[in-house]
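Okay, so here's the structure we're looking at.
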Amino acid sequence: MKKLLPIFAIVMSAQTFASDFDLKAAMKQMKVEFKQAAEATEVDTMKTAVGNLSELVEQAKRGDYPPEKFDTYFEGFSKLSVALDSVESKLESGQLEAAKAELKVVDDLRVEYHDKRNPSIWSKLFG
């Protein structure tokens with residue numbers, strides 16, 4: 001039953017995303033999936049979390065964003081997809097610790113693109 005719950009959540013969220021994409025809700029769910037992946041102690045558990053995270057990223061790519069932010073969002077989501085593919089490849093070969101190390105790239109992208117999305121007042125003032 002526990003394994004069906006994440007699948008059910010993704011299916012339900014896919015229906016929600018199809019009708020009206022909510023980036024903020026997606027980001028919150030990405031945070032949950034990332035945390036589960038980072039805390040995983042088994043390859044299968046991490047595969048599930050990373051798979052869910054990848055699906056959320058793919059849905060986010062299809063979101064409707066303001067023209068001035070579209071390129072930044074799409075670039076970030078594309079880089080995130082590549083990083084998650086790398087994590088998944090490590091998991092496919094059973095390398096849990098290497099996959100967790102690759103997850104650091106995902107976290108670095110999160111920091112980088114959150115800064116681009118919401119620049120601080122200081123970076124706005126002093127460029």
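Just so you know, all these numbers are worked out from the coordinates, no wet-lab data involved. It should be emphasised that the depicted structure is a prediction, and the values quoted were computed from it without experimental measurement. Every residue, glycine as well, gets a Cβ built from its backbone with ideal geometry; the counts of neighbours run over all protein chains shown.
With a Förster radius of 30 Å applied to the beta-carbon distance between Lys69 and Ala101, the computed FRET efficiency rounds to 0.45. The length gained by stretching the chain between Asn118 and Glu42 to full extension, at 0.36 nm per residue less their Cα-Cα distance, is 23.9 nm.
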